[in-house]
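Below is one structure, written out as structure tokens; the observations come after it.
None of the figures in this text is laboratory data; all of them are computed from the coordinates on show. Just so we're clear, the structure is a prediction, and the values are computed from it rather than from any experiment. Because the Cβ atoms are built from the backbone with ideal geometry, glycine has one as well, and the counts that use them run over all protein chains shown.
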Amino acid sequence: MNDAVKPAAGADGLVLVDTHAHLVDEAYNRDRKEVIERARAGGVVQIVNVGFDLDSSRNSVALAREYDFLYAAVGVHPHDAARVPAGYLDELGKLARDQKVVAIGETGLDYYRNLSPRPEQRRVFREQLALARELELPVIIHDRDAHGEVLEIFRQDGLGPAGGVLHCFSGSWEMARECLRMGFYISLAGVVTYPKSTRLQSIAVNLPLERLLVETDCPYLSPEPRRGKRNEPVYVRYVLERIAQLRKMAAAELALLTAQNARRLFRLPELT
Ligand code: NI
């Protein structure tokens, strides 16, 4: 390995990929640069920075162009489905042609908070799935309390050839199995570190290693021991370490496998 291209690793050698961050969130307005530098110094070698409406998608692309190890996903979150302007899909399509854009998302259904009417959520979701298929990009799916309908939409529309990931997975094992059968990756966030998340922990143990991703979903969902505080990409190591502990495997090995999975799904460059 050439030292010049050797990926930075954390002090303990862990090499991590945060597959879902929202670094354009206003929570980082005062110290975004420091947060990004802490991630790099802590062994996070690639970050997928995810948009949730047109503005955040645009800003995610701009930020990804500033840092070589940042990538962007562009999409409209179900919360914002009712507020999208006409022509939003063309705009997403234009943004998605940027070299640093690796996925469409996050998109999906949120029947927990219902911030947009459900028919609007479904329409905007399916339109983005069609865009992803057309552009041959993977999709990043947000699903909260809408497991049945998300599955039904994929049964009808199919998952495009570039695949996708259920981010911050919160479904049952049956749901996980069906998603795996459809070809999805499953991404786990800080929730897996919470003592009460026993069902999710058993899913974390049983998921096939070649389909598992880790993420922060920062600034939300800080893992233990940072729970309740602002989250940031460097804490993806707590998610990774907890899953490694649950699976009784070395963190370094799990880090390597999940990083490979992220690179395969999002077609990120190899670092070595
Ligand atoms: Ni998110």
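Label-to-label distance for residue 230 and residue 136 is 4.0 nm, based on points extended 7 Å past Cα in the beta-carbon direction.
Over all directions, the average projected area of the alpha-carbon convex hull for the chain comes to how many nm²? If you can, show how the numbers build up before the last one.
Details: hull surface 53.8 nm².
In nm², the orientation-averaged hull projection of the chain is 13.4.
Which residue fluctuates the most in the chain, going by a Gaussian network model with Cα springs under 10 Å, if the choices are 87, 160, 171? With Cα springs under 10 Å in the chain, the top fluctuation among 87, 160, 171 is at 87. Where in the chain are the helices, taken as whole DSSP H runs, whose Cα atoms extend 18 angstrom or more along the long axis and whose Kyte-Doolittle mean reaches at least 0.0? Helices meeting the criterion: 251-266. When its C-alpha radius of gyration is set against 2.2 N^0.38 Å (N residues), the stretch 62-153 gives a value of 1.08. Structural descriptor for the chain: relative contact order 19 percent, calculated from alpha carbon pairs under 8 angstrom and at least 6 residues apart.
Mind checking which of 167, 79, 22 has the largest fluctuation in a GNM of the chain, springs on alpha carbons under 10 Å? Residue with maximal mean-square fluctuation among 167, 79, 22: 79.
Between residue 157 and residue 83, 0.36 nm times their residue separation minus their Cα-Cα distance comes to what?
Details: separation 74, 0.36 × 74 = 26.64 nm, distance 2.39 nm.
Gain on stretching residue 157 to residue 83: 24.2 nm.
For the chain, modelled as a GNM whose springs connect Cα atoms under 10 angstrom apart, the maximal fluctuation among 174, 91, 253 occurs at 174.
Express as a percent, rounded to the nearest 5, the fraction of DSSP beta bridges in the chain (both residues included) that run antiparallel. Can you show the working numbers first?
Numbers: 0 of 26 bridges.
Taking every DSSP beta bridge with both residues in the chain, the antiparallel ones total about 0 percent.
At full extension, residue 249 and residue 182 could sit 21.4 nm farther apart than now, given 0.36 nm per residue minus the alpha carbon distance.
Note: relative contact order over the stretch 204-272, using C-alpha pairs below 8 Å and six or more positions apart, is 32 percent. Straight-distance candidates among the lysines for linking to residue 33, with alpha-carbon spacing under 23 Å and chain neighbours fewer than 8 residues away dropped: 6, 100, 229.
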